[in-house]
Amino acid sequence: MCGIVGLYLKNPDLRNRLGSLFAPMLTEMTERGPDSAGLAVYRDQAPAGRVRVTVRAPGVDWHATGERASAELGTPVTVTPMATHAVLEAAVSGEALRDWAEAGDPPLRVTSSGTTLEIYKEIGLPAAVLERFGVPQMSGTHMIGHTRMATESAVTTEGAHPFNTGDDLCLVHNGSLSNHHRLRDWLRDHQGLRFQTENDSEVAAGYLTWRLMQGATIAEALEAGLRDLDGFYTFAVGTRDGFSVLRDPIACKPAVMAETDDWVAMASEFRALARLPSVDDAVVWEPRPGQVYSWGRA
Amino acid sequence: MSTREEIDLDAVPVRRLNRLLQGRDGTRQAGSFDVRNPRGRHALAAGLVDPIDVVIHGHAGYYCAGMNQQARVTVAGNAGTGVAENMMSGEVRVHGDASQSAGAAAWGGLLTIGGDASARCGISMKGIEIVVGGSVGHMTGFMAQAGCLVVCGDAGAAFGDSLYEAELYVLGKVESLGADCVEKDMDDRHVARIEDLLGRAGFAADAGAFRRYGSARQLYHFRIDNAAAY
């Protein structure tokens, strides 16, 4: 199983309520995925010329990490801790900051990179994970999230979603892929992609990353995925400007969408949307199989 | 004089609602019930056995009115996966859209869907009558054994795949027919059947303009000539 949710706020007046609207959506999907949870949040963009990377390293001294990063990269690195994670920002390239984090001792596990995106994920019940990261207090334009019931690989934080798929892009997945072993090998051996886990969804994320590196738009990358990814899936993909949704052509995995003048939302089941403001007046529909849906700032 | 009772699911758990509607205290249940704040919860009004009237005011989750006998259940909203699955008798009416597998494996009764039904509507149906005001998704009528399905809109791919003896009627376009499903001639009996079902569903459409689909009866038995295909 697994549950996925996404919320994009069209009305700027709601943006300081993003986390408080989103948290109950993810909690409602607990029965679909009680073993781990994660979320991607798009709050604000880093100042021009700076990059933003989210890292995970339980028990690390974040103050010392910031001092070491600034010294070794030769430029001030700000570190904003959030439980087991922290957001690093600096006026360097994203690759430089990522490489520095992963090469450290102890290494910091990079969960996201870009200029806007932050990704937080942990093992545990969704309500506990949301509380730990202070999600109800978060503001921003949009969030996507995932509750996991592991089927293809171990219950680990690394196996939790969302997966970062290139700068400011991330993926959550409900379903299972059947050609991910060969596809992972091919992406790693022939295209130079790096993978952190044995997870099938990480391969889908890597596949989209590779397509985007080839110059595809996110919609084109997803449409190519209809041919190249074998298995069951409903995907939600977060971008800097919004999010996209795709269901495989057989469409065994559920999805429902709703839209009002103020927001657009998707979830595995309607009950996750049932407490959004003015939901009774929303247009509610089931996304068609094999069709890419996208929202966000035009 | 009939009674009308209101149940607020923000105050009462689904299990208590269903025990009440099922008459689990040993008495036969009667009267009418209004269910408020369904909020997409699962298994609402499942397993009813008495001829009661239930209106769900809002969207229902999975398996709403499953296994229904005799009761008349109305969803004034959309219904999730498997609405009226395994219904035996009675009537289930969805004002909005229904998700996949509507009326799955149901033996009897009438299921009416005002909007669209998504994939696998009427999968393995065994005698239920289904009338859809809008369109149906792919694999509708998969392995349908008996009963009747009337679609006032279009039908998605692989319509009627591996069909047995259910009768399927479509007013609009059929994207593609599934294995062993063929178009068949319409005669007066078929038009009368559609008219009857449209009338009971409360939908207006030209019964004579529907097309009929049924089984070519080529997949019923194992044929030695096909052995190489397995």
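The values are calculated or read from the model by the stated rules, or taken from the named source; none is laboratory data. For clarity, every value in this text was computed on a predicted model and none was experimentally measured. Cβ sites come from the backbone with ideal geometry, for glycine too, and all protein chains shown count toward neighbours. In case anyone asks, the SASA skips ligands and DNA or RNA and just uses the protein heavy atoms, side chains included. Shrake-Rupley method; radii C 1.70, N 1.55, O 1.52, S 1.80 Å.
In chain A, helices alone account for a calculated mean residue ellipticity at 222 nm of -8000 deg cm²/dmol, with every DSSP H run of four or more residues adding -39,500 (n - 2.57).
What is the Rg over Rh value, at two decimals, for chain A, using alpha-carbon atoms and the Kirkwood definition of Rh?
Result for chain A is an Rg/Rh of 0.95.
With θ taken as phi - 60° and the Karplus curve 6.51 cos²θ - 1.76 cosθ + 1.60 applied, the whole-hertz 3J(HN,Hα) list for segment B:160-177 is x, 4, 6, 6, 9, 10, 5, 9, 10, 10, 10, 7, x, 8, 10, 4, 6, 8 Hz, x standing for glycine and proline. The Cα center of segment B:29-87 and the Cα center of segment B:189-222 differ in position by 26 Å. Placing +1 on the Cβ of each Lys and Arg and -1 on the Cβ of each Asp and Glu in chain A, which of A:Val292, A:Phe195, A:Val60 has its Cα farthest towards the positive end of the resulting dipole? Farthest towards the positive pole: A:Val292.
Amide H to amide H distances under 5 Å link B:Phe33 with B:Glu5, B:Asp53, B:Val54, B:Val55, where only residues 5 or more positions off or on other chains count and H is placed in the peptide plane.
Averaged over the residues of peptide B:57-65, the number of Cβ atoms from other protein chains lying within 10 Å of each residue's Cβ is 3.
Could you tell me the calculated FRET efficiency between B:Ala204 and B:Asp53, based on Cβ-Cβ distance and R0 = 22 angstrom, to the nearest 0.05?
On the way: r = 24 Å, r/R0 = 1.10.
Computed FRET efficiency for B:Ala204 and B:Asp53 comes out at 0.35.
For segment B:19-153, the normalised intensity computed at q = 0.11, 0.13, 0.14 Å⁻¹ comes to -0.32, -0.44, -0.51 (log10 of I(q)/I(0), Debye sum over alpha carbons, equal scatterers, no solvent).
Which order do the peptides B:131-141, A:236-246 come out in when sorted by mean C-beta neighbours inside 10 angstrom, highest first?
Details: B:131-141: 26.3, A:236-246: 24.0.
Result, highest mean Cβ count within 10 Å first: B:131-141, A:236-246.
Quote the charge dipole size of chain A about the Cα centre in Debye, to the nearest 20; the model charges only the Cβ of Lys and Arg (+1) and of Asp and Glu (-1). Don't skip to the end; give the middle numbers.
Details: 27 positive and 38 negative charges, 28 e Å.
Dipole magnitude for chain A comes out near 140 debye.
Taken over segment A:45-115, the alpha-carbon convex hull comes to 73 cubic angstrom per residue.
Note on chain B: Cα convex hull, mean projected area over all directions, 13.8 nm².
Phi angles across segment B:100-116 convert, under the Karplus curve 6.51 cos²θ - 1.76 cosθ + 1.60 with θ = phi - 60°, into 3J(HN,Hα) values of 5, 6, 5, x, 4, 6, 7, 8, x, x, 10, 10, 10, 10, x, x, 8 Hz, Gly and Pro given as x. Taking all protein chains together, A:Trp100, A:Trp285 sort by accessible area into A:Trp285, A:Trp100, largest first [probe 1.4 Å]. Rolling a 1.4 Å probe over the protein chains gives A:Leu130 an accessible area of about 10 Å².
Considering all different alpha carbon pairs of segment A:1-160, the Kirkwood hydrodynamic radius works out to 16.2 Å.
For segment B:158-205, the Kirkwood estimate of hydrodynamic radius, built from reciprocal distances between every pair of different alpha carbons, is 12.1 Å. Working note: Karplus 6.51/-1.76/1.60 with θ = phi - 60° gives segment A:187-204 the couplings 5, 6, 7, 10, 10, x, 6, 9, 10, 9, 9, 8, 6, 5, 5, 5, 5, 4 Hz, where Gly and Pro are set to x. For the peptides A:251-259, B:120-128, A:226-234, A:80-88, residues were scored by their other Cβ atoms within 10 Å and the scores averaged per peptide; the highest-first order is B:120-128, A:251-259, A:80-88, A:226-234.
Taking every protein chain into account, the 1.4 Å probe leaves A:His181 with about 100 Å² of accessible area, to the nearest ten.
Here the protein assembly as shown is treated with +1 on each Lys and Arg Cβ and -1 on each Asp and Glu Cβ, and its dipole about the Cα centre works out to around 580 debye. Within chain B, DSSP assigns beta bridges of which about 15% are antiparallel (rounded to the nearest 5). The charge dipole of segment A:70-132, taken about the Cα centre with unit charges on the Cβ atoms of Lys, Arg (+1) and Asp, Glu (-1), comes to about 180 debye, rounded to the nearest 20.
Remark on segment A:117-252: hydrodynamic radius 15.4 angstrom, per the Kirkwood mean of 1/r across alpha carbon pairs.
Take the Cα radius of gyration of the protein assembly as shown and divide it by 2.2 N^0.38 Å, with N its residue count; two decimals is plenty. Can you show the working numbers first?
Working: Rg = 25.9 Å, N = 528, 2.2 N^0.38 = 23.8 Å.
The reported ratio for this selection is 1.09.
In chain B, excluding the sites themselves, the longest stretch lacking any of the GluC sites (Glu not before Pro) that are in a DSSP loop with at most 16 other Cβ atoms within 10 Å is B:1-164.
Applying the criteria of a DSSP loop state and at most 11 other Cβ atoms within 10 Å to the trypsin sites (Lys or Arg not before Pro) of segment A:263-298 yields A:Arg297. Take A:Arg211: with every protein chain present and a 1.4 Å probe, its accessible area is about 60 Å². Averaged over peptide A:260-271, the number of partner chain Cβ atoms lying within 10 Å of each residue's Cβ comes to 3. Within the shell of other residues whose beta carbon sits under 15 angstrom from the beta carbon of A:Trp210, the net charge comes to -1, with Lys and Arg scored +1 and Asp and Glu -1.
Would you kindly give the portion of the calculated P(r) for segment B:116-220 that falls above 16 Å, as a percent of all Cα pairs? That fraction is 49 percent.
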